[in-house]
Every structure is written in structure tokens, then in C-alpha cells.
Amino acid sequence: MISRELEVLNRAGIHARPASEIAKAASSFRSEIFFEKENMKINAKSIMGVITLGATYKTKILCSCNGPDEEEAMEALQALFERRFEQQ
């Protein structure tokens, strides 16, 4: 299992479109992927779960990946966050 802190860099935060992009990316991997913020832990493959985090600009989220492709999953999610979910 690997964990890494990811930061929301787009000004609009995580709303429906970014949540969909995150869930789509996470679902493309076999590993279990979870996000944690404060006392909430959600499955990153769930759009509704990602939205319920209420992550705004500059929010830090702990991402944990566990499984056969955990390294690739983490790299893909980190890249998605760094690209601001393809938004400005």
C-alpha cells in the first residue's frame, strides 16, 4: 500500500466534472483507491463519494492505493490533480 498527499489546485475545487474524471481514472485500475479528508474516507471510484469530500481550492487529500497496479494508479491520480483536472 502506498499513500500520498494530493492538493486541489483548480480554483473551483472538486465539483461534478472533476469528480467524474477522478472516478473514471481510479476505476481504470484494479487497486483499491481511497481518499481521506479530515474524518472522512471515501472510495475514489465513486463519483458521489468524491463529491461528498467537499474539497475546495488548496484542500489536501490523502490518497491511498493498494493492489497490483498501485504505483501506476497513484502516478495517474497525482498527474490528474497536477493538471487541475484539465481545467484552469
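Pairs meeting the criteria (first residue in the stretch 1-19 and within 15 Å of Ser46 (Cβ to Cβ), second residue outside any loop (DSSP other than H, G, I, E, B) and open to solvent by 70 Å² or more (accessible area, probe 1.4 Å), beta carbons under 6 Å, at least 6 apart or on different chains) are Ala19/Ile47.
Against the numbered list (1) touching a residue at least 24 places away in the same chain (Cβ under 8 Å); (2) under 17 Å from Glu5 (Cα atoms), Asn43 comes up short only at (1). Of note, Leu77 does not satisfy the criterion of being over 14 Å from Ala12 (Cα atoms), open to solvent by 50 Å² or more (accessible area, probe 1.4 Å), in contact with a strand residue (DSSP E or B) (Cβ under 7 Å, 6 or more places away or on another chain) and of a type outside the set (Ser, Thr, Tyr).
One line per residue, one yes/no per condition, for (1) farther than 16 Å from Ser20 by Cα; (2) among the acidic types (Asp, Glu); (3) in contact with a helix residue (DSSP H, G or I) (Cβ under 6 Å, 6 or more places away or on another chain):
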residue: Lys45; (1), (2), (3): no, no, yes
residue: Val50; (1), (2), (3): no, no, yes
residue: Thr56; (1), (2), (3): no, no, no
residue: Ile61; (1), (2), (3): yes, no, no
residue: Asn66; (1), (2), (3): yes, no, no
residue: Glu70; (1), (2), (3): yes, yes, no
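Within the stretch 50-83, the set of residues being closer than 11 Å to Phe29 by Cα, among the charged types (D, E, K, R) and assigned to a strand (DSSP E or B) is empty. In the stretch 6-65, the qualifying residues are those that are open to solvent by 70 Å² or more (accessible area, probe 1.4 Å) and within 15 Å of Ala76 (Cα to Cα), and the one that is nearest to the chain's Cα centre (by Cα) is Lys24.
The values are calculated or read from the model by the stated rules, or taken from the named source; none is laboratory data. This structure is a prediction, so every number in the text was calculated from the model and none was measured. Positions of Cβ are generated from backbone atoms using ideal geometry, with glycine treated the same way; all protein chains shown enter the neighbour counts. All accessible areas refer to the heavy atoms of the entire protein, side chains included, with ligands and DNA or RNA removed. Shrake-Rupley method; radii C 1.70, N 1.55, O 1.52, S 1.80 Å.
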